[in-house]
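Take a look at the structure below.
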Amino acid sequence: MPSLERLLEKFLFASRWLLAPFYIVLVLSLATMVVKIVQLFIEGLPHALEATESGVILSVLGFIDLTLTGSLLVIVIFSGYENFVSRIDETQHKDWPEWMGKIDFTGLKLKLMSSIVAISAVQLLRAFMSLKETSDRDLAWYVGIHLVFVISALLLALTDHYSGEGHKTADHEQK
């Protein structure tokens, strides 16, 4: 029986590689976002001189939104891959960012929620910048959805903190 158990454990451990295609798709999604941000920039460039200040701000908020979403993808790709599939040898990359490889699942959840709140805030700000084109109903939905994200992030952080995950991270950082 022990050999059957070891075989099952090896099989289960190897199954983590089934996640690799998910991360490949996320990388391709990031490339798609690069195409989209370049397209938006090129489309907006001819109109830059005649654009109003709020029009320029709305365009920049769109770029910020895409950038935050792209950053979120990078966090998910690297942290998820390292937490669930395989470690990446950071010695092979001289410009390896310090945070990579140090975000555990709890940190990943909190960073995801923080990014989602930031993206939601940008969307809400865009709605406020174009109040004339946004109905009161839509604005109420934007505010409501943003508040749900903020409250969810706070509850997640509090839950992690009081469940001991926050204490473990704080204790580990002090050592």
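Only the coordinates and a few stated rules stand behind these numbers; no lab work does. Note that the structure is a prediction, hence the values are computed from the model and not measured. All Cβ positions, glycine included, derive from the backbone under ideal geometry; neighbour counts span all protein chains shown.
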> Roughly how large, in nm² to one decimal, is the mean projection of the convex hull of the alpha-carbon atoms in the stretch 2-174?
Replying inline: 15.3 nm²
> In deg cm²/dmol and to the nearest 500, what is the mean residue ellipticity at 222 nm of the chain if only DSSP H runs of at least 4 residues count, each as -39500 (n - 2.57), divided by the residue total?
Replying inline: -26500 deg cm²/dmol
>> How large is the convex hull of the C-alpha atoms of the stretch 15-82 per residue, in Å³?
In response: 56 Å³
> Which FRET efficiency, nearest 0.05, do residue 22 and residue 63 yield, Cβ-Cβ r, R0 25 Å?
Replying inline: 0.40
> Between the helical axis of 53-84 and the dominant principal axis of the chain, each derived from Cα atoms, what acute angle in degrees is found, rounded to the nearest 10?
Replying inline: 0 degrees
>> If you fit an axis through the alpha-carbon atoms of helix 20-44 and take the longest principal axis of the Cα set of the chain, what angle between them do you get, 0 to 90°, nearest 10?
In response: 20 degrees
> Against the longest principal axis of the chain, how steep is helix 165-174, in degrees 0 to 90 to the nearest 10, with axes from Cα atoms?
Replying inline: 80 degrees
> If contacts are Cα pairs under 8 angstrom and at least 6 residues apart, what is the relative contact order of the chain in percent?
Replying inline: 21 percent
> Gap in Å between the Cα centre of the stretch 29-44 and the Cα centre of the stretch 1-27?
Replying inline: 35 Å
